[in-house]
Structure formats: C-alpha cells, structure tokens
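Read the figures in this text as sums done on the coordinates, not as results from a lab. This is a predicted model, so every value here is computed, not measured. For neighbour counting, all protein chains shown are included, and Cβ atoms are generated from backbone atoms with ideal geometry for every residue, glycine included.
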Amino acid sequence: MSTPLAMAVGKANASTVTGASDSRDLITLFYATTRQPHGPAASRRYGEDFGEELRLGVATLRVDEGTATARETRALPPLSVQERPTLELENLDEQAVVGTGADLDFLSPEAASFFAEVDDALSASVDKDVFLYVHGGNNSVYRTAAQAAQYRQFTGRGSVVVAFAWPTVDYYLSYATDVRNAKRSVPAFAQLIELLARHTRAEHINILAHSAGVRIVSAALAAIGSAPAERERWHARMRLGEIYYAAADLEMKTFVRDLRDYVDLPLRVTLQANRSDPVLAILALASGKSRAGRPNFNDLSDAERALLREWVTESRLDIVDVTSDRAGDPGGHVFWFERRWVSSDVLLEFTYHAPPATRGLEATRQDGLRRWVFPADYEQRAATAAANLHLR
C-alpha cells in the first residue's frame, strides 16, 4: 500500500491503543471466508474452492521492518518503496463456523466467542466502527490479509478490520470462475453483515470492496434492502456507514439496479471512477457492457440516468474521479491502495465520515453529473481538512 499523506491518519495515530494481541512486530485482524479449509483449525490453510459455510477466525501477520526503525513501523511516515515495511502472513486461526441458513440470533459458543472478541477489539480501539474489506478477483488469501492489514497499520492500529476472503483462482485467465464464486459468496457475506450488526457494538459497519468484490457487496446490500422487514430494521439502527467501491467490476446497469434497493441505508456510497483503468476497459470490450468503475452512461436508460442524477444531487452517491490524482500515472486498477492521494482520501472518509468537500476534494460536472476530483493543491487542502476534522 502506498503510504498515505501523514495528516490523513492524524487522529488515529495520535491516540491509538494497540490491541492486546498486537505487539510492535505483529498485526492481527479478523477474517471471514467461504473458501474450503485445509489443515488444523489453529493453523488453517484455505484453497481456491468454494465452501458453503461462513468460517470466522483471526489472522496474524508479521511486520518485516527492514531498514525502518520501530518508530517508523508504528507511525509509518512517508517511506520509499525500499524502506517501507513488508508484511508476512504468519497464521490463520479459525475459530467458528456458521452454516447456511443458520438462525443468526442464536450463536454457537464458538461464534459467540468470536464476536465477543470483535467487541473487545472495538472497546480497545479509537475507531468504534468495523472496517470490512472485500478483495477483488485473482487474489490469494495472503494478499487479501496483507491488503486489509495495511489499512489497520495506516490507522495506527486504531481500527478493527475484518477481511472477507472469498474463493478466487490465483490466475488471471480464471476470471469466469472468480465471477461464479463471487455470486455464490453473496449469501454468506449478507450473513456476515447481519452477524456484525446483531452481535457487536460497532457504531457503523464500513465496507470497502475492490474490483469483482463489488459484485458481492452490491448484491448482498440489494438483498437486504429489497426485504421490507430488513429495510425497516436497518433504517432504525443506521448501522451501515461508508460503502466504498474501488475499481468496481460490476456492469453499470446492475450497479444502478442494485443501488436502487439500498441507496438510503448507508451513510454514504462512494463510487471510484477511473477513465484510465485498463482492466475495466478490457472487460467492457469483451462483454459490451461498461463497468461502474469506468462508466459509460450511454449504457443506461433515461430513467436510470435520472436516478443517478437524483442520488448524486442528494449526496447519497458520491462519484470520485481518481483519474484526477496528479501524483502519478493515471493508469491502474488498484488505485485505492497504490496511489497516495487516493489512499489518503479513503482514510479521511472512513476515519471521520467526512463528505468529499470536507476532505479537500473539488466538485466538477461531467456527463451531467457532479463528480469529485483531486485539485492541484490537494495535499494542502487535505492537510487543512485533517486538522479541522481532528479538532471536532
């Protein structure tokens, strides 16, 4: 992960309480998976095949400091690529299994213990929200854990992170298998959201989904939002916080159709748009359907475009044009953790629940819709924004 601008994590780094299971050279985070398990539960391995059950556990990663000092490892100021600490997945400890169709109000002793541990971590953390990370396709369990752990590290370990590791094949030509497994993982992910809402005291459940992981999150939230009883309960609790879609590999029409069912449930939905995303360009060319992360609004009907305008105007949906990030090459598919300005904006949004203007972004219009861009003086604006937000 590209080290975010230092001011973006000011609040968390200033007052973080390292979890009891964390030491200076270890990072722990929670995980949930629909992968088939191998080996003993205390030191699990997970393959590439889909499993119906939702498996819950704790991942431990070791920080390889390299040339970084202990102070640098904790605070993570801007470092060069050579100096930046690396992460090694040390262990996966599976603690509970939740079956398909299980009664979510009545937990097994093992599942109850797992969610009690999540609550203990929330009590010891500055950030009282749960950060739920859903990876994209062609991703190994190690990369999933490492990407999620970097978010925890860059908040000064002041955040509670849960990584959802759905089964993907670690080979780029197995895209169809990944899409199929994403669809099959939707019910288990919806279960996970429900379990976190029912059995933790998290103030909000924040979700960041990358690439094909957006398919899982979008479909799960649409399923929750389309059930009248569930809508009423989520409205009453307002537990869904920030929903952030990075490089969304989801057909534009499907994105709008799903969003119609849940747009009023979270605090905010953020769609990252990148006109220079080569992966989404290839997928659109192959299928003839543009992706939400590289949208072609001509794919939508007049009614669908009207819905988008309404959501954007009401700030239910924020479109962040990451092509405007001038800190490097605009091409790429992993902007949220590779690009410094974008990762800083992600941290400001999730840490403070701040709208785009408050985070230092600038409004513009394209295709008749408001978009948020990174101005040339973004670093100065973001520094001011972070200082003001920290004083709230």
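Entry note, the chain: relative contact order of 16 percent, from Cα contacts under 8 Å with a spacing of 6+ residues. For the range 139-229, applying the loop criterion from DSSP together with a ceiling of 13 other beta carbons within 10 Å to the trypsin sites (Lys or Arg not before Pro) yields ARG201.
Using only the Cα atoms of the range 138-205, build the gyration tensor, take square roots of its eigenvalues as a ≥ b ≥ c, and label the shape rounded, prolate or oblate: rounded if a/c is under 1.5, else prolate if a/b is larger than b/c, else oblate. Could you put the intermediate results ahead of the total?
On the way: a/c = 4.11, a/b = 1.36, b/c = 3.02.
Oblate is the answer for the range 138-205, as a/c is 1.5 or above yet b/c matches or exceeds a/b.
Candidates TRP336, GLY241, ALA303 compared by Cα position along the dipole of the chain: farthest toward the positive end lies ALA303, with charges placed on Cβ. Put simply, the amide H of LEU87, placed in the peptide plane, has neighbours under 5 Å in ASP64, leaving out anything fewer than 5 places away on its chain. Using R₀ = 56 Å, calculate the FRET efficiency as 1/(1 + (r/R₀)^6) where r is the Cβ-Cβ separation of ARG257 and ASN388; round to 0.05. FRET efficiency, ARG257 to ASN388: 0.90.
Here the sum of -39500 (n - 2.57) over DSSP H runs of 4 or more residues, divided by the residues of the chain, equals -11500 deg cm²/dmol at 222 nm, to the nearest 500.
Determine the sum of side-chain charges near ASP119: Lys and Arg each +1, Asp and Glu each -1, restricted to other residues whose C-beta is under 11 angstrom from that of ASP119. Please report the intermediate quantities before stating the final value.
On the way: positive: LYS128, ARG201; negative: GLU117, ASP120.
Here the charged neighbours net out to 0.
Here's the picture: charge each Lys and Arg Cβ at +1 and each Asp and Glu Cβ at -1 in the chain, and of TYR172, ALA357, LEU283 the one pushed furthest to the positive end of that dipole is ALA357. Name all residues of the range 150-188 having a backbone nitrogen under 12 Å from the label point set 7 Å from the Cα of THR100 along its Cα→Cβ direction, giving them as ranges. Only 184-188 fall inside the zone, counting backbone N under 12 Å. Close amide H partners of GLY293, meaning residues 5 or more places away or on another chain with modelled amide H under 5 Å apart, are ALA248, LEU250.
Given a Förster radius of 30 Å and the C-beta distance between GLU110 and LEU267 as r, what FRET efficiency does 1/(1 + (r/R0)^6) yield to the nearest 0.05? Don't skip to the answer; put the middle values down first.
Working: r = 32 Å, r/R0 = 1.06.
The pair GLU110/LEU267 has a calculated efficiency of 0.40.
In order along the range 333-344, phi translates into HN-Hα couplings of 10, 10, 4, 5, 10, 8, 9, 4, 5, 5, 5, 5 Hz, rounded to whole numbers, per the Karplus curve 6.51 cos²θ - 1.76 cosθ + 1.60 with θ = phi - 60° and x for Gly and Pro. (i) 0.93; (ii) 1.03; (iii) 1.42: which one is Cα Rg over 2.2 N^0.38 Å as calculated from this entry? Label (i) holds the value from this structure.
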